[in-house]
Ligand SMILES: [Zn+2]
């Protein structure tokens with residue numbers, strides 16, 4: 001991909017936010033997600049299934065960061081306990 005096209009994609013990304021309900025991206029200036037704001041829970045699940053999105057899946061990176069922080073905290077406390 002050309003660097004300019006990549007920059008344009010990045011710029012587009014900066015002007016978008018991710019919907020907490022359907023996890024699709026939409027423009028920041030919109031109050032509601034245009035993809036799912038008019039759908040009830042049942043229609044939303046059908047919509048997500050159609051698009052191959054798992055509604056219960058959280059961001060993989062977010063889960064990894066939470067897991068890593070827990071591991072670091074546990075190691076830290078174990079070290080403190082062994083010192084005393
Ligand atoms: Zn949405």
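Taken together, the values in this text are just the output of simple stated rules run on the coordinates, not laboratory data. All values derive from a computational prediction rather than experimental measurement. Backbone-built Cβ (ideal geometry, glycine too); neighbour counts: all protein chains shown.
Ranking of 11, 26 by neighbouring Cβ atoms within 10 Å, starting from the fewest: 11, 26.
Extension gain for residue 84 to residue 24 (0.36 nm times residue separation, less C-alpha to C-alpha distance): 16.6 nm. Helix 41-50 axis versus longest C-alpha principal axis of the chain: approximately 90°, rounded to the nearest ten. Across the chain, C-alpha contacts under 8 Å between residues 6 or more apart give a mean separation that, scaled by the residue count, equals a relative contact order of 14 percent.
For the pair residue 40 and residue 7, label points projected 7 Å from Cα toward Cβ lie 4.9 nm apart.
Helix 3-14 axis versus longest C-alpha principal axis of the chain: approximately 80°, rounded to the nearest ten. Hydrodynamic estimate: the Kirkwood radius of the chain over Cα pairs, inserted into Stokes-Einstein at 10 °C and 1.306 mPa s, corresponds to D of 98 µm²/s.
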